[in-house]
1. Which is in contact (Cβ under 8 Å) with a residue 60 or more places away in the chain and surrounded by fewer than 21 Cβ atoms within 10 Å (Cβ to Cβ), of ARG169, ARG134?
2. If you scan the range 13-68, which residues turn out to be of a type in the set (Asp, Glu), in a helix (DSSP H, G or I) and more than 20 Å from GLU156 (Cα to Cα)?
3. How do the pairs read when you match residues in the range 82-107 that are on the phi > 0 side of the Ramachandran plot and without any contact (Cβ under 8 Å) to a residue 40 or more places away in the chain with residues anywhere that are part of a helix (DSSP H, G or I) and surrounded by 24 or more Cβ atoms within 10 Å (Cβ to Cβ), using Cβ under 8 Å and keeping only pairs 6 or more apart or on different chains?
4. Which condition breaks for PHE122 when tested against (1) modelled with pLDDT under 85; (2) farther than 22 Å from ALA87 by Cα; (3) surrounded by 13 or more Cβ atoms within 10 Å (Cβ to Cβ)?
5. Test ALA38 against the stated conditions and say whether it is at pLDDT below 95, closer than 14 Å to CYS161 by Cα and surrounded by fewer than 16 Cβ atoms within 10 Å (Cβ to Cβ).
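The values are calculated or read from the model by the stated rules, or taken from the named source; none is laboratory data. If you're wondering where the values come from, they're calculated on a predicted model, not measured in any experiment. Here the Cβ positions follow ideal geometry from the backbone for every residue, glycine too, while neighbour counts run over all protein chains shown.
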Amino acid sequence: MIPERDPMPAGGPDRGTALDRFFAGLSEYIFQAKLGVADVQLVDYLSDLLLRFVRTESLHKVRRGTGKPATEVFQMLLEAEKRVGLARREVHRHIGDFTLFWSGMYPESLRKLRSASAADGFLDYCSQGKRAYRIAAEIEGGEGPPQSDLLIRLSEHFELCAYGLREVRREWEAGDGGEVLIL
C-alpha cells in the first residue's frame with residue numbers, strides 16, 4: 001500500500017488534474033515497480049518536478065539583477081551567490097531541479113550544449129545538481145518543503161533519479177499508439 005501523498009506547497013499545481021495523475025502514476029510505476037525505489041517522498045517530489053516544469057516559466061523562475069530570467073545554470077549559480085538564507089536555498093534547490101530535469105528528461109540537449117558557446121557547455125550538470133541540492137539542504141531555516149533530508153537524498157541519488165526520469169520519458173513516448181492526452 002502506498003501512503004497518501006502530501007499536498008503541494010501553496011501556489012503549486014493542483015493534485016486532482018489529469019496531468020498530475022498521469023505524472024504521478026507513471027513516476028510511481030517506473031521508480032517503484034521497475035527500479036525498486038521504495039522512497040515515496042522522493043518519487044512524489046520527482047512527479048511534482050515534472051508537473052512544475054510543464055510550464056516553461058517554472059524552468060526559468062530565477063531572475064537576474066536585470067529582471068531577465070537566468071536561463072543557464074552558470075547564471076543561476078551567480079544569482080545564488082548574491083542571495084542569503086531561504087532565498088539562496090530556493091535558488092540552489094532550483095538549480096538541482098533544473099539540472100535533474102534536463103539530465104533525466106532531455107540528456108540529448110546537454111550533449112548539444114557541450115559543443116555550443118554557452119557557458120553551460122563547460123558545466124557538468126550531474127555534479128552541479130548534486131552540489132546544489134546538498135547546499136540547499138545545509139542552509140539554516142530550510143525546514144519547509146522539501147525537507148533537508150529529501151534534498152540530501154536527491155543529491156546522493158541524483159544519477160538514479162535522472163535515469164528514472166529518462167525511463168519515465170521512454171515509457172510515455174512508447175505510450176499506446178501515440179495518443180495525445182487532452183486535459
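1. Working: ARG134 fails: in contact (Cβ under 8 Å) with a residue 60 or more places away in the chain.
Unique residue meeting the criteria: ARG169.
2. In the first step, residues of the range 13-68 are kept if they are of a type in the set (Asp, Glu); the result is 14, 20, 28, 39, 44, 48, 57.
In the following step, the residues that additionally are in a helix (DSSP H, G or I) were identified as 20, 28, 44, 48, 57.
Those that are of a type in the set (Asp, Glu), in a helix (DSSP H, G or I) and more than 20 Å from GLU156 (Cα to Cα): ASP20, GLU57.
3. So the pair list comes out empty.
4. Going through (1) modelled with pLDDT under 85; (2) farther than 22 Å from ALA87 by Cα; (3) surrounded by 13 or more Cβ atoms within 10 Å (Cβ to Cβ) one by one, PHE122 breaks only (3).
5. Working: at pLDDT below 95: yes; closer than 14 Å to CYS161 by Cα: yes; surrounded by fewer than 16 Cβ atoms within 10 Å (Cβ to Cβ): yes.
It is true that ALA38 is at pLDDT below 95, closer than 14 Å to CYS161 by Cα and surrounded by fewer than 16 Cβ atoms within 10 Å (Cβ to Cβ).
Table: residues versus (1) more than 22 Å from ASP44 (Cα to Cα); (2) over 15 Å from the mean Cα position of the chain (by Cα); (3) part of a loop (DSSP other than H, G, I, E, B); (4) modelled with pLDDT of 90 or more.
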residue: LEU77; (1), (2), (3), (4): yes, yes, no, yes
residue: ALA87; (1), (2), (3), (4): yes, yes, no, yes
residue: HIS92; (1), (2), (3), (4): no, no, no, yes
residue: PHE98; (1), (2), (3), (4): no, no, no, yes
residue: SER103; (1), (2), (3), (4): no, no, no, yes
residue: ARG111; (1), (2), (3), (4): yes, yes, no, no
residue: CYS126; (1), (2), (3), (4): no, no, no, yes
residue: TYR133; (1), (2), (3), (4): no, no, no, yes
residue: ALA136; (1), (2), (3), (4): no, no, no, yes
